[in-house]
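The values are calculated or read from the model by the stated rules, or taken from the named source; none is laboratory data. Just so you know, these numbers come straight off a predicted model, no measurement behind them. Cβ placement follows ideal geometry from the backbone for every residue including glycine, while neighbour counts extend to all protein chains displayed. These area figures cover heavy atoms from the full protein model, side chains too; ligands, DNA and RNA do not enter into them. Shrake-Rupley method; radii C 1.70, N 1.55, O 1.52, S 1.80 Å.
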Amino acid sequence: MSRFTKFLHAFIIVVVFTIAAAFGQCPPGTWGLDIIINPDQYPEETSFVVLNTEGDTLMQGGPFMDIVDYQPQYISTCTPIDTFILILKDSYG
């Protein structure tokens with residue numbers, strides 16, 4: 001392998017890891033909030049909302065249409081550092 005090819009491979013690896021690190025982290029003063037919902041056999045009845053302590057909606061999801069039953073749903077976002085309230089809803093009851 002030539003020196004240029006080695007350099008090019010190393011450069012690509014550095015660029016990929018730099019981009020992943022830049023887009024994979026939350027800005028200062030925030031943190032990553034990851035929600036994993038495991039719906040039952042009726043995912044279209046499942047929804048959720050995440051509120052901060054003042055009642056502002058930070059994140060919401062569902063109903064989960066056109067997914068395989070019991071397939072986990074992954075939702076992520078960056079949010080201000082705070083205490084959260086998770087409300088999980090099942091429209092059937």
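In the range 39-77, which residue that is touching a Gly at 6+ places or on another chain (Cβ under 9 Å) and open to solvent by 60 Å² or more (accessible area, probe 1.4 Å) is nearest to PRO27 (Cα to Cα)? In this case the residue turns out to be SER76. Of all residues in the range 27-39, none that is within 15 Å of ASN52 (Cβ to Cβ) has its Cβ atom under 6 Å from the Cβ atom of a residue that is open to solvent by 100 Å² or more (accessible area, probe 1.4 Å) and at pLDDT 90 or above, 6 or more apart or on another chain. Taken together, the residues in the range 56-76 that are over 20 Å from TYR92 (Cβ atoms) and among the β-branched types (Val, Ile, Thr) amount to 2.
Being at pLDDT 65 or above and of a type in the set (Val, Ile, Thr) is the filter here; which residues of the range 1-52 pass it? Scanning the range 1-52 gives THR30, ILE35, ILE36, ILE37, THR46, VAL49, VAL50.
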